[in-house]
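Notes for the one structure printed next.
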Amino acid sequence: MSAAVWAVMPAAGRGTRFGGPMPKQYLQAAGKPLIAHALDALLAHPRVAGAMVALAADDALWPGWSERQGKPVLRCAGGGERADSVLAALRALPASVADDDLVLVHDAARPNLRGADLDALIAAAEAEADGAILGAPVRDTLKRAGDGRILSTEPRDGLWRAFTPQAFRRGALTAALRDAAVAGLMVTDEASAMEYAGFHPRLVEGREDNLKVTTPADLALVEYLLGLR
Ligand SMILES: Nc1ccn([C@@H]2O[C@H](COP(=O)(O)OP(=O)(O)OP(=O)(O)O)[C@@H](O)[C@H]2O)c(=O)n1
Ligand SMILES: C[C@](O)(CO)[C@H](O)COP(=O)(O)O
């Protein structure tokens with residue numbers, strides 16, 4: 001029988017780039033909050049056993065879910081940076097989640113995750129000691145900017161955009177994030193910490209509509225996309 005997979009959801013951000021009246025993960029789209037879409041996408045997968053959600057200490061909007069789709073939804077206090085929140089959630093997972101068990105780290109701000117992408121990611125991560133992440137190759141020409149002007153064109157061959165979920169074994173990811181923090185390394189995703197630890201995670205090409213809501217324009221697009229499902 002395949003081992004259970006747990007989800008870790010960093011949801012302690014304040015959405016400063018979005019602005020607005022509340023942290024963006026609680027904004028409504030297609031009838032429910034972004035965080036609910038993101039959680040439900042993970043919990044709908046048969047291999048996912050439950051979720052640990054990292055919340056801001058003063059979060060007053062968390063609906064208090066203790067389960068969704070018949071699976072446990074646990075919560076812990078997040079931290080000052082996304083990486084701190086992920087590390088706190090990894091440490092708060094039930095003791096039954098072994099160091100060798102896979103965990104899926106997924107942004108609460110990415111509501112449009114699809115099951116087929118999850119299938120592909122879990123399959124790749126289970127075959128890889130180094131883990132795996134969803135992403136997509138860069139398909140636009142990239143410019144380095146300075147003072148609103150083009151300074152240079154950057155080579156894009158071999159460049160990918162990293163998405164979430166990112167899938168790693170609990171023990172290795174916990175140690176990698178801990179060591180990155182001790183080294184003062186500011187990582188913006190889990191794969192960066194694993195790379196610092198010497199791993200080379202597998203890249204799994206996923207749907208480009210697995211958008212992270214960062215600005216109001218992203219929310220308008222995500223509302224459209226979720227409405228199509
Ligand atoms: N200290 C933090 C910062 C971010 N996050 C989470 O990490 C995900 C991706 O981060 P981002 O899109 O940057 O969200 P915010 O930090 O809220 O946005 P901003 O940087 O604009 O404030 C989000 O689900 C966010 O809630 C977190 O759990 N803990
Ligand atoms: C984890 C992530 O979504 C991968 O692209 C991204 O790094 C999060 O960045 P943010 O600045 O914390 O939104």
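The values are calculated or read from the model by the stated rules, or taken from the named source; none is laboratory data. The structure displayed is predicted, hence computed values, not measured ones. Ligands, DNA and RNA are stripped out before the accessible areas are found, and what is left, the full protein with its side chains, is counted by its heavy atoms. Shrake-Rupley method; radii C 1.70, N 1.55, O 1.52, S 1.80 Å.
Once you've got the GNM for the chain with C-alpha springs shorter than 10 Å, pick whichever of Gly158, Gly80, Gly171 has the biggest mean-square fluctuation.
In the Gaussian network model the winner is Gly158.
Sorted by accessible area with a 1.4 angstrom probe, largest first, how do Leu61, Leu219 fall?
Heavy-atom accessible area, descending, gives Leu61, Leu219.
Roughly speaking, to the nearest percent, how much of region 5-228's 1.4 Å accessible area is carbon and sulfur?
Exposed carbon and sulfur together represent 52 percent of the surface.
At 222 nm, what value in deg cm²/dmol follows for the chain if DSSP H runs of at least 4 each add -39500 (n - 2.57) and the sum is divided by all its residues, to the nearest 500?
Taken over the chain, the calculation gives -8500 deg cm²/dmol.
Using a 1.4 Å probe, what is the accessible area per residue for the chain, in Å²?
48 Å²
Please report, in whole Å³, the volume per residue of the convex hull around the C-alpha atoms of the chain.
144 Å³
Of the candidates Gly20, Gly131, Gly184, which one comes out as most mobile in a Gaussian network treatment of the chain with C-alpha springs shorter than 10 Å?
Checking each option, the largest mean-square fluctuation is seen for Gly184.
Can you tell which of His37, His106, His45 shows the greatest fluctuation in a Gaussian network model of the chain with Cα springs below 10 Å?
Residue with maximal mean-square fluctuation among His37, His106, His45: His45.
Keeping all protein chains in the complex and leaving out DNA, RNA and ligands, what accessible area do you get for Ile150 with a 1.4 Å probe, in Å² to the nearest 10?
Approximately 110 Å² of Ile150 is accessible to the 1.4 Å probe.
Might you work out the accessible area of Arg229 for me, using a 1.4 Å probe with all protein chains in place, and round it to the nearest 10 Å²?
Ignoring ligands and nucleic acids, Arg229 comes out at about 140 Å².
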